[in-house]
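Notes for the one structure printed next.
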Amino acid sequence: MEDIFSNGIGIPSVLMADIFSMVEPEDIPKLPYVSKNWFDTCKRSSFIDNHCDESRKKKFKHMLFCVLEKQEQDLPFFLQMSLVVNDERTMQSFACLPSFFSCKEIKLVGTDEGFLCFLTKHEFDNEYFWLWNPVTHQIVNVALPSVISPGALMRYGFGFERNNGEFVIVVMWDSCERQSNVGSMAVYSSFSRTWSDVSSPEYCPQILFDSSIHINGCVYWISMNKDTSYGNSHVVVGLGVVTWFNVSALHKTYVIWLSRRFDCGEIGWVQYRRLDYSPSILRFLDFAGGNLVCISEQMQFYDEDEHCFTQGLIFFESEQRDIIRMMTSTYLNKFTVRKIFPYYPTIRVI
C-alpha cells in the first residue's frame, strides 16, 4: 500500500486510511494541510479515489448556480435542487464564497471531483479561471494563455482526467481574422500549473455552442453547422439533448434524446422519453437524473395585495408523473438560474 498519512507516532497507513474513510468530507477539510505528505495523498492516491467514489455514491446531488439581476449589488448564490434532502452542510460550504465572486462577471464553466471551475471578467476586461473546492476552501487562480487577444471568441471546458489523475481546462479561441476557419487550442494541467499548446482543432470556435460536456476525461461541444463529411449532419457528442415544440398556447411537448453507438459503429440518437402537457410558461433549463427540469421566467411572486412575499423557482419534473415545486430563497430581488450542475463533496486538492 502507498505510504499515505505518515505520522510521528507510527500508526500504520492501513489503519489511518480506514479511520479517515469513515469520516465525512465536511468533517476533515483541513486534512490535506497537515503536512506535505498528507497534501500529496489528497492530491493523488488510491485512498482519495476510493473516498471520492464513496462520496459520489452517498452524497451525489444536483445544485443550481443562481445570479441576481443586479449582480453588482449582490453576490451569486447556490440552491439545492432536491427539497426533500435537508443537507445543511452542503449549503454551509457553498455559503462561504471566495472573493472572486464579487467580480464584474462570473460564469460557471464546469464541475468535477468536488471542484468547480469559474471564468471571471474583471475591470479592463481581464479574464481569469478559478478552481474552487467548497469543502477544503482551496482556490487556484489560472490566467488565460498570453497568446489570446482581448475580446477573442473562446470555447472552454473543465474536467478531471482520470488516466493521469489531474484537473484540466481546455480552451479554444479564434484567430484575429474572424473570417478564418482556423482556431487554436491550449490545455491547462493542474500538475504542472502551466498551459500547453496542442494541435489546431478540427472545428473553429465560431461553429460550436458555448456549453460543453465532460465525459470520461474528454470535453465535447456540439456544432451549430452541418458537416458533409459526417453525413451532412450536426456533429454532436454527449449524453443527451432535449427538443421541444409548442402544442398550444398553454402547453409544450418535450422529447429527450440520448446518444448511443450502434453495432455498425455509427453514433445516432434514440428517443429516451416524451413529456406531454408541460406548461408553456416554464423555460427549459436542463435534465438531470432522467428528469426534465424547467423553471418559470418570473422569479418573483406576490400575494393578493400585490405584496412581494417570496422569490424562487418553479420546477417541473416528469418521470412517471408531473410535479410542480416552488423553491424560495432569502433574497428579495429577482434572480435567474444560470446553470444546473452535479456535485458531491471531496477533500481532493490540486
Tell me whether segment 12-34 contains one or more residues that are on the phi > 0 side of the Ramachandran plot and surrounded by 12 or more Cβ atoms within 10 Å (Cβ to Cβ). no
What number of residues in segment 107-119 are part of a strand (DSSP E or B) and farther than 19 Å from V337 by Cβ? 2
Of all residues in segment 8-23, count the ones that are within 22 Å of S93 (Cα to Cα) and touching a residue at least 12 places away in the same chain (Cβ under 8 Å). 2
Just to be sure I understand the filter: pairs with C-beta atoms under 7 Å, separated by 6 or more residues or on different chains, first member in segment 266-285 and over 23 Å from V337 (Cβ atoms), second member in a loop (DSSP other than H, G, I, E, B). Which pairs pass? G268/F262
Is there any pair with a first residue in segment 142-155 that is basic (K, R) and a second that is surrounded by fewer than 17 Cβ atoms within 10 Å (Cβ to Cβ) and assigned to a loop (DSSP other than H, G, I, E, B) whose Cβ atoms are under 7 Å apart and which are 6 or more apart or on different chains, and what are they? R155/D210
Does segment 269-281 include one or more residues that are at pLDDT 70 or above, surrounded by 16 or more Cβ atoms within 10 Å (Cβ to Cβ) and more than 24 Å from H62 (Cα to Cα)? no
I need the full set of residues from segment 24-54 which are part of a loop (DSSP other than H, G, I, E, B), farther than 23 Å from Q92 by Cα and in contact with a Ser or Thr (Cβ under 7 Å, 6 or more places away or on another chain), in order please. none
With crowded, with 19+ Cβ neighbours inside 10 Å, among the hydroxyl-bearing types (S, T, Y) and modelled with pLDDT of 85 or more as the only criterion, which of T120, T136 stands out? T136
Looking at segment 47-76 only, could you name the residues that are over 19 Å from the mean Cα position of the chain (by Cα), surrounded by 13 or more Cβ atoms within 10 Å (Cβ to Cβ) and within 18 Å of F115 (Cα to Cα)? F47, I48, D49, H51, E54
Here is a check on your reading of the model: is V109 within 27 Å of H62 (Cβ to Cβ) and at pLDDT 90 or above? yes
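The values are calculated or read from the model by the stated rules, or taken from the named source; none is laboratory data. What you are looking at is a predicted structure, and each value in this text was computed from that prediction instead of being measured. Here the Cβ is made from the backbone with ideal geometry for all residues, glycine too, and neighbour counts use every protein chain on show.
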